Amino acid sequence: MAHHDCLSNHGPSTAGSEQPRGGSSSWPRSSPAAFPQPGFKGKQIEECCDPAHLFAMTKLNSPMGTSMWYDGELLHSFTIDSATFALFPQVTPAQLPLLAFSVSGSGGVAQEVECHRSFSNAVFPPSVCRCNLPPLSSEYTKDVGSKTHLVTANPSIIRQRFENLLWSRKSFVESMKIYKHSYIYMPAFSMKTGTEPSLRVYYTLTDVGANQTVLFANPNFLRSIGKFWKNRGIHAKRLSTGLFLVSAALGLCEEVAIYGFWPFSVDMHEQSISHHYYDNVQPFSGFHAMPEEFLQLWFLHKIGALKMQLDPCERPSLRPTP
């Protein structure tokens, strides 16, 4: 979400079980018809949502003067003016087809799987995507690594951590250096209140000559992905950032691996675990449907559409050595 990863793995040691242990009492009840079927392919996402062309707003898919609807609000639209148009790349900056794509969720289970070394040593190292500007300080990198190709940044994070960049921006600029030459993927046009903070991020990083490049999520893409999963049984006000990224990866990449996706308060061994690997702040009640999302991801793993890592990584490569 992106195009380059969100940490990956070669598959959980639980692959032979009907469902992973731990948190089972919280598993949602869903009709089997809503789950991805064995014939599921990323091509279904390509056909419905076209991530290769619509993942980010570009001069090609969002011409100047175009009127578009915010995907998170029913009653608000916006028109792309010359100033906004100038911020878009010509086309989505992805070298397609991507071979290996890794999505790193921020769940507390990420501290247990320690997969980043496997990715670094892989025969075909995956692109790595991360969610919501996660901390990558030394106390965490031994578990989750620091390699990043794309990281999402919700406007709410800019508001909560950096006062909407209305005052000093030094702490924000410093905090972004850990992501090196990565893309910062922002849903600037999902909610009207998120547009100005997202534009401030763009201008701040550009003004200081930062290494990061800001991409704005295309609201038409986000809306299509939301409908795709709603038709498959995920009923929530909004999909999580992680599922948006995984969906994009499935439509862009030949191999997708994920870790750090675990919405339960205990791990596979019934041990208490924090909600994120860096804190235990819970999402707003009713906003996301994390257990439903996890169940869909688990079924995608079961049918081989992606690889989900839940136990510690043991294999050194994403693909087997020839």
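The values are calculated or read from the model by the stated rules, or taken from the named source; none is laboratory data. These figures come from a predicted structure and were not determined experimentally. Neighbour counts are summed over all protein chains in view; Cβ atoms, including those assigned to glycine, are modelled from backbone coordinates with ideal geometry. Ligands, DNA and RNA are excluded from the accessible area calculation, which covers all protein heavy atoms including side chains. Shrake-Rupley method; radii C 1.70, N 1.55, O 1.52, S 1.80 Å.
So how many residues does region 53-81 have that are open to solvent by less than 80 Å² (accessible area, probe 1.4 Å) and part of a loop (DSSP other than H, G, I, E, B)?
Qualifying residue count for the region: 16.
Of everything in region 193-232, what is closer than 30 Å to P291 by Cβ and open to solvent by 20 Å² or more (accessible area, probe 1.4 Å)? Give them in sequence order.
Listed by number, the residues that qualify are T193, N220, R223, S224, G226, K227, K230, N231, R232.
For region 254-271, name all the residues that are in a strand (DSSP E or B) and open to solvent by less than 20 Å² (accessible area, probe 1.4 Å).
Answer for region 254-271, where residues must be in a strand (DSSP E or B) and open to solvent by less than 20 Å² (accessible area, probe 1.4 Å): V256, A257, I258, Y259.
Sort out which residues of region 143-192 are on the phi > 0 side of the Ramachandran plot and open to solvent by 40 Å² or more (accessible area, probe 1.4 Å), and write them in order of number.
Within region 143-192, E163, K180 meet the criteria.
Among the residues that make up region 202-211, is at least one of them farther than 23 Å from H149 by Cβ and either assigned to a loop (DSSP other than H, G, I, E, B) or not aromatic (F, W, Y) (or both)?
Taking every residue of region 202-211 in turn, at least one turns out to be farther than 23 Å from H149 by Cβ and either assigned to a loop (DSSP other than H, G, I, E, B) or not aromatic (F, W, Y) (or both).
Just give me the residues in region 82-101 being assigned to a loop (DSSP other than H, G, I, E, B) and open to solvent by less than 30 Å² (accessible area, probe 1.4 Å), in sequence order.
L87, F88, T92, A94
With the requirement that a residue be at pLDDT 65 or above and of a type outside the set (A, V, I, L, M, F, W, C), what does region 286-322 give you?
Listed by number, the residues that qualify are H288, P291, E292, E293, Q296, H301, K302, G304, K307, Q309, D311, P312.
Within the set of pairs 6 or more residues apart or between chains, which connect a residue that is closer than 15 Å to P134 by Cβ inside region 255-267 to a residue that is assigned to a strand (DSSP E or B) and hydrophobic (A, V, I, L, M, F, W, C) with Cβ atoms less than 6 Å apart?
I258/V103; I258/M308
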